[in-house]
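These notes are about the structure you will find just below.
The values are calculated or read from the model by the stated rules, or taken from the named source; none is laboratory data. Predicted, not measured: the structure shown is a model, and the values here were computed from it. In case anyone asks, the SASA skips ligands and DNA or RNA and just uses the protein heavy atoms, side chains included. Shrake-Rupley method; radii C 1.70, N 1.55, O 1.52, S 1.80 Å.
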Amino acid sequence: KNNDLYIVDGQQRLITLFLLVYHFNNDNLTRNGIPIVFSNQETNTLLQKLLSKDPTKNWISSAEQKTHLHKAFKNTQYLVSKVSNTTEIYDFLLRTTIAVVELDSDIEATILFGRLNNRGLGLTDVDLIKYRIFSSISSHSGPQKNDETLRDWNELVSNLSDLNIKIDSFIDSWFTYQ
């Protein structure tokens with residue numbers, strides 16, 4: 001959409017920053033709506049429940065309580081409750097600078113993601129395979145081949161999703177039976 005950005009790297013840091021700012025001053029942050037939208041509707045619903053001040057709308061199921069988002073929300077809530085000088089930390093959080101790198105294609109984003117994460121936290125098998133495919137295609141073929149590869153990858157993910165199969169499970173199974 002207009003100013004929406006797809007986050008390739010830094011999702012956890014961005015969510016943590018958002019939750020900290022929310023817990024320090026939630027009225028100001030959510031006045032114009034929630035500034036984060038997840039690709040998964042269940043996660044969006046959970047975030048809305050967590051941020052809701054209406055007790056009739058914020059019942060959290062046991063499955064939702066096991067999610068990373070719920071745990072992050074509760075942990076940041078706890079940490080903020082232990083802070084004595086909230087104004088100073090809140091002001092510091094508001095001065096935080098976020099670097100935004102806008103790329104022209106999903107291929108570039110995938111390659112950048114792979115380069116940024118090759119020394120950090122471990123990537124999933126799917127992340128590594130996708131990075132390897134796209135970096136290989138990018139260095140040996142033109143932009144048209146990148147578009148075809150991306151279209152094929154997205155079609156595979158979509159077809160698996162229609163069958164209620166996650167790409168991670170498919171990749172694991174494929175390698176197991178090879």
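Values as computed for the structure displayed
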{"read-out": "Residues whose placed amide H lies under 5 Å from that of Phe38, excluding near-sequence neighbours", "value": "Asn44"}
{"read-out": "Accessible area of Trp153 in the full protein assembly, 1.4 Å probe (Å², nearest 10)", "value": "30 Å²"}
{"read-out": "Karplus 3J(HN,Hα) series, Hz, for segment 68-84 with 6.51 cos²θ - 1.76 cosθ + 1.60 (x for Gly, Pro)", "value": "4, 4, 5, 4, 5, 4, 5, 5, 5, 4, 5, 4, 5, 5, 8, 7, 8"}
{"read-out": "Surface accessible to a 1.4 Å probe, Tyr131 within the full protein complex, Å²", "value": "60 Å²"}
{"read-out": "Sequence of Val100, Val21, Val83 when ordered by accessible area, the most exposed leading, probe 1.4 angstrom", "value": "Val100, Val83, Val21"}
{"read-out": "Solvent-accessible surface (1.4 angstrom probe) belonging to Phe170, in square angstrom, nearest 10", "value": "70 Å²"}
